[in-house]
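Report on one structure; see the data block that follows.
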Amino acid sequence: MTARMLTLLALTILISACSPWMEEFAPTSAPTPIDTVVEPDSFSPTPTLNFTVIATEIPTLIPTPKPMATAVPINTATATMQNTLTPDGIETSAYAQITALSVEVSTSFTSCASTNSVSFTGTVTSSNETDIQYKWLLSGTTSYASAVRYANISTAGTMTIRGITLKLKCGNYTVGLQIIYPNPVTEKRHFSIP
């Protein structure tokens, strides 16, 4: 049923439900035109109600669905999907996978009496263009978990992603680079200060 048909059906039901009430108050004679002057001795003390029902089409806004994926043929035997949205609204290729991950640790030892600067960097290899979600994790003498971060890999291949630098006391640690999306994978590296 179209929106117009539904509107007309609703108005028909409304008119039929109101018609007994409208008949009770319907005028017994033709209404007086607006430009006619009513003389005081011809004034009727009985009020009359006039109803005019105007049926109009109420526009219905129907959202146009946004395509979730577009097929792009590579050749006659193979096709790939691109521009798929994740539940979080991140665009990615349907076939992108993280195929390799590495973590590098760089320490700047000062002394065990104070904290030492430790930097972590990571490289990610992807099979296709994709947006990724990742976070840094640290366990050991001190624990740390970064907020989820986002990066874009614009072509298939390897890229360095934003690292972190922490001030840590002497001890044994494990740092992890955790890829959350497009496919979960974690790379860990053990290190000690000093």
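The values are calculated or read from the model by the stated rules, or taken from the named source; none is laboratory data. Here the structure is a predicted model, which is why all the values come from computation and not from measurement. So basically every Cβ, Gly included, is an ideal-geometry build from the backbone, and we count neighbours across all protein chains shown.
Checking each residue in region 179-194 for being part of a strand (DSSP E or B) and loosely packed, with under 14 Cβ neighbours inside 10 Å picks out K188, H190, S192. The lone criterion from (1) more than 24 Å from F109 (Cα to Cα); (2) β-branched (V, I, T); (3) assigned to a strand (DSSP E or B) left unmet by T155 is number (3). Tell me whether region 138-152 contains one or more residues that are without any contact (Cβ under 8 Å) to a residue 40 or more places away in the chain, within 21 Å of Y95 (Cβ to Cβ), in a strand (DSSP E or B) and of a type in the set (A, V, I, L, M, F, W, C). Yes, the conditions are met somewhere in region 138-152.
Of all residues in region 167-189, those that are within 16 Å of T99 (Cα to Cα) and in contact with a strand residue (DSSP E or B) (Cβ under 6 Å, 6 or more places away or on another chain) total 11. Does at least one position in region 131-145 carry a residue that is closer than 11 Å to Q97 by Cα and either touching a Gly at 6+ places or on another chain (Cβ under 8 Å) or surrounded by 13 or more Cβ atoms within 10 Å (Cβ to Cβ) (or both)? Within region 131-145, one or more residues are closer than 11 Å to Q97 by Cα and either touching a Gly at 6+ places or on another chain (Cβ under 8 Å) or surrounded by 13 or more Cβ atoms within 10 Å (Cβ to Cβ) (or both).
For region 109-130, a tally of residues being crowded, with 16+ Cβ neighbours inside 10 Å and among the aromatic types (F, W, Y) returns 1. The number of residues in region 157-178 that are surrounded by 15 or more Cβ atoms within 10 Å (Cβ to Cβ) and among the small types (G, A, S) comes to 2.
Return yes or no: is G163 modelled with pLDDT of 95 or more and assigned to a strand (DSSP E or B)? No, not satisfied.
Of everything listed in (1) modelled with pLDDT of 90 or more; (2) of a type outside the set (A, V, I, L, M, F, W, C); (3) over 19 Å from Y144 (Cβ atoms), the single unmet condition for T64 is (1).
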